[in-house]
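Here the structure comes first, spelled out in structure tokens, and everything after it is commentary.
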Amino acid sequence: MVAEPPVSTRLSDLVWLRRVRDRIDREYAQPLDVEGLARGAHMSAGHLSRQFRLAFGESPYSYLMTRRIERAMALLRAGELSVTEVCFAVGCSSPGTFSTRFKVLVGMPPGAYRRHARHATVGIPPCVARQVTRPVRNRDARAPGRA
């Protein structure tokens, strides 16, 4: 049987985990890796990954990629950059990996999304457009009654 850590340790970890999440939100376009994020949080990479998943429901890497894809969706809707330019603008270093992850999260390749979504948010306030176009990691986990 494993002893549960004291409440003060768990709260301290949560503070660091929120800082890691905030850093990912701010610096998503920069080269980030779990080891570097863990060093900044004074944790091992394994501990950060386990605790981040417990706190936020996904690994730090998955969270980072979701933020990148979310931003890529906005850039593709704007239509001013090519898919490759969007890939690099959001911090991805491989167009192949970007396209694969995009298709997993959004359900279609970036080029098809660009054609489909270009006019989908016309007339919708940007704050609402961000919410309704946010990528859903596990589409089967949507709340009942939502399409």
- All-but-one check, L105 against (1) open to solvent by 40 Å² or more (accessible area, probe 1.4 Å); (2) at negative phi, failing number (1)
- Picked from the range 22-70 (must be buried (at least 16 other Cβ atoms within 10 Å of the Cβ) and basic (K, R)), the residue nearest to F102 (Cα to Cα) is R68
- Task: Give the residues of the range 71-88 that are open to solvent by 10 Å² or more (accessible area, probe 1.4 Å) and not aliphatic (A, V, I, L, M), sorted by residue number.
- Result: R71, R77, G79, E80, S82, T84, E85, F88
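Does R50 fit the bill of being within 24 Å of P126 (Cα to Cα) and in a helix (DSSP H, G or I)? Steps first, answer last, please.
Working: within 24 Å of P126 (Cα to Cα): no; in a helix (DSSP H, G or I): yes.
No; evaluated as a whole, the condition is false for this residue.
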- May I ask you to list the residues in the range 66-116 that are in contact (Cβ under 8 Å) with a residue 60 or more places away in the chain and in a helix (DSSP H, G or I)? T66, I69, E70, M73, A89
- Message: The conditions are (1) in a helix (DSSP H, G or I); (2) under 15 Å from the mean Cα position of the chain (by Cα), and P31 fails exactly one of them. Which is it?
- Response: (1)
- Item | Given (1) under 14 Å from the mean Cα position of the chain (by Cα); (2) modelled with pLDDT of 90 or more; (3) among the charged types (D, E, K, R), number of the condition R134 does not satisfy | (2)
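The values are calculated or read from the model by the stated rules, or taken from the named source; none is laboratory data. Predicted model only: the values in this text are computed from it and were never measured. Counting neighbours? That spans all protein chains shown, and the Cβs are built from the backbone with ideal geometry, glycine included. The accessibility values were calculated without ligands, DNA or RNA, using every heavy atom of the protein model including side chains. Shrake-Rupley method; radii C 1.70, N 1.55, O 1.52, S 1.80 Å.
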